[in-house]
1. Identify, please: which residue in region 254-271 is open to solvent by 20 Å² or more (accessible area, probe 1.4 Å) and part of a helix (DSSP H, G or I) and is, among those, nearest to residue 292 (Cα to Cα)?
2. May I ask you to list pairs of residues, at least six apart or on different chains, whose Cβ atoms are under 7 Å apart, with the first in region 7-19 being more than 18 Å from residue 399 (Cα to Cα) and the second being modelled with pLDDT under 95 and open to solvent by 40 Å² or more (accessible area, probe 1.4 Å)?
3. Regarding region 137-160, can at least one residue be identified that is in contact with a strand residue (DSSP E or B) (Cβ under 6 Å, 6 or more places away or on another chain), of a type in the set (D, E, K, R), touching a residue at least 60 places away in the same chain (Cβ under 8 Å) and farther than 22 Å from residue 285 by Cα?
4. Could you check region 75-105 and list, in sequence order, the residues that are in a helix (DSSP H, G or I), within 23 Å of the chain's Cα centre (by Cα) and either in contact (Cβ under 8 Å) with a residue 60 or more places away in the chain or surrounded by 19 or more Cβ atoms within 10 Å (Cβ to Cβ) (or both)?
5. Looking only at residues that are without any contact (Cβ under 8 Å) to a residue 24 or more places away in the chain and charged (D, E, K, R) in region 227-253, which one is surrounded by the most Cβ atoms within 10 Å (Cβ to Cβ)?
6. Go through region 284-338 and count every residue that is touching a Phe, Trp or Tyr at 6+ places or on another chain (Cβ under 8 Å), crowded, with 18+ Cβ neighbours inside 10 Å and in a loop (DSSP other than H, G, I, E, B).
7. Touching a residue at least 40 places away in the same chain (Cβ under 8 Å) and at positive phi: which single residue out of 186, 182, 163, 191 fits that description?
Amino acid sequence: MKEQKEPFLNASDFGKDFTWGVSTAAYQIEGGHDADGKGRSIWDKFTDTPKMIHNGENANVSCDFYHKYKEDILLMKSMNIDNYRFSLSWTRISPYGIGTINAAGLDFYNKVIDFCLENEITPWVTLYHWDLPQILENKGGWTNRQIVTWFSEFTKVCANAFGDRVKHWMVLNEPMVFTGAGYFLGVHAPGKKGLKNFLPAAHHAVLCQSEGGRILRKLVPGAQIGTTFSCSQITPYRQNKRDKKTAIMVDALLNRLFIEPALGLGYPTIEAPILKKLQPYIQPTDMEDCKFDFDFIGIQNYTREKVKYSLLVPYIRAKIVKASKRNVETTLMDWEVYPPSIYNMIKKFGEYPQIKKIIITENGAAFKDTIEGEIITDTDRLNFLQSYLSEVLRAKQEGLNIHGYFVWTFTDNFEWAEGYHPRFGLVHIDFKTLKRTIKESGKWFSKFLSYRK
């Protein structure tokens, strides 16, 4: 473990109008997997599938935010956190995906929203953070073009139910991840593989992110509407022609595939020719329908990737070289700790003149924490946050288009296929007792935020 650095930043360095917060996702924290009429999602089913989740774990209880939301919101308030990004469980609101609305689900989110506002915490709502209703997956899920209709109906329900109080919305969370990991690699729910699943899922996600934006703009006056994208700095592993060309192609797939259609630029097929295979799924007005003028873009950066040409990898002929193979500092997720990546991604997205505002909607790290009684030392995470924030400040001071930062995540949670092994939280969760304990990084972040005024 590294020696703890002295805090060298405070929030006032970023200006009065900079937004600070924390992010979570419904499936990862709520628990209550079948409580009060909630339906079954693709992650409920996927966690029941043998050998797909670390240690065979699931999120049936997780942090039990469903019953402990007041405790967590009050803890946020005590830590000077006044913006909270969370997602809505589609099956808690609409157990069968479409049609029937679960009053108890709406009531839960109404209580969360109202308690946030009562404690002067602004809710930032993500409509879709990966927990598709299983009943819709049985009909093809994101590979079925009907998803645009299904998602539109869900968006209308949420906008009408919460739009009187929620004025900050995000449509999708990281479409590259839920389509790539869930419909190409098969390592996330619903566990599908291959281009025949990925390509339609990706195109339909692009259509949904713009249609969701249009519905929110129509139904929620004065709302700030965004959507979020995973992004990583892509660097060639070797300085040869093949690796450099491969890096450009991987960058197009990982960083440009979902943002550029929304900006009216179409798909980056020149740099990533594999995307020409999208054509059979594109109907005559689709590329116009893909466009939407978002008020902000959320970017979610954790690391950089080095890639090299590989003849053995089908379709893309590219291979990511794992950080553990490169003799660099890594997190528990085997992600390289590389602070300049967040600056470089702010700069990259800032080069699109159509983007009005950039917010870091996720950044954080999983490291091994040291527990000694009531003291939870996580020096590596503290250093990570400080070093990445120093790069965000560099971007801000250079006049780049960056306006906010949300830590991933508030509490330790269920980390998808990795189960409970990687802990990203500012707050430690004892998953046996559900006791919350603020880590040293959380105490630092609280102090950091106290200097805003």
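The values are calculated or read from the model by the stated rules, or taken from the named source; none is laboratory data. It should be emphasised that the depicted structure is a prediction, and the values quoted were computed from it without experimental measurement. Here the Cβ positions follow ideal geometry from the backbone for every residue, glycine too, while neighbour counts run over all protein chains shown. When the accessible area is computed, the model is the full protein with side chains, heavy atoms only, and any ligands, DNA or RNA have been set aside. Shrake-Rupley method; radii C 1.70, N 1.55, O 1.52, S 1.80 Å.
1. Here the residue is 256.
2. 10/451
3. So far as region 137-160 goes, no, none of its residues is in contact with a strand residue (DSSP E or B) (Cβ under 6 Å, 6 or more places away or on another chain), of a type in the set (D, E, K, R), touching a residue at least 60 places away in the same chain (Cβ under 8 Å) and farther than 22 Å from residue 285 by Cα.
4. Passing the criteria: 75, 76, 90, 91, 92, 93, 105.
5. For region 227-253, the residue satisfying everything is 251.
6. 3
7. On the way: 186 fails: touching a residue at least 40 places away in the same chain (Cβ under 8 Å); 182 fails: at positive phi; 163 fails: at positive phi.
Of the residues listed, the single one that is touching a residue at least 40 places away in the same chain (Cβ under 8 Å) and at positive phi is 191.
One line per residue, one yes/no per condition, for (1) surrounded by fewer than 23 Cβ atoms within 10 Å (Cβ to Cβ); (2) in contact (Cβ under 8 Å) with a residue 24 or more places away in the chain; (3) part of a strand (DSSP E or B):
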position	(1), (2), (3)
420	yes, yes, no
424	no, yes, no
428	yes, yes, yes
433	yes, no, no
442	no, yes, no
445	no, yes, no
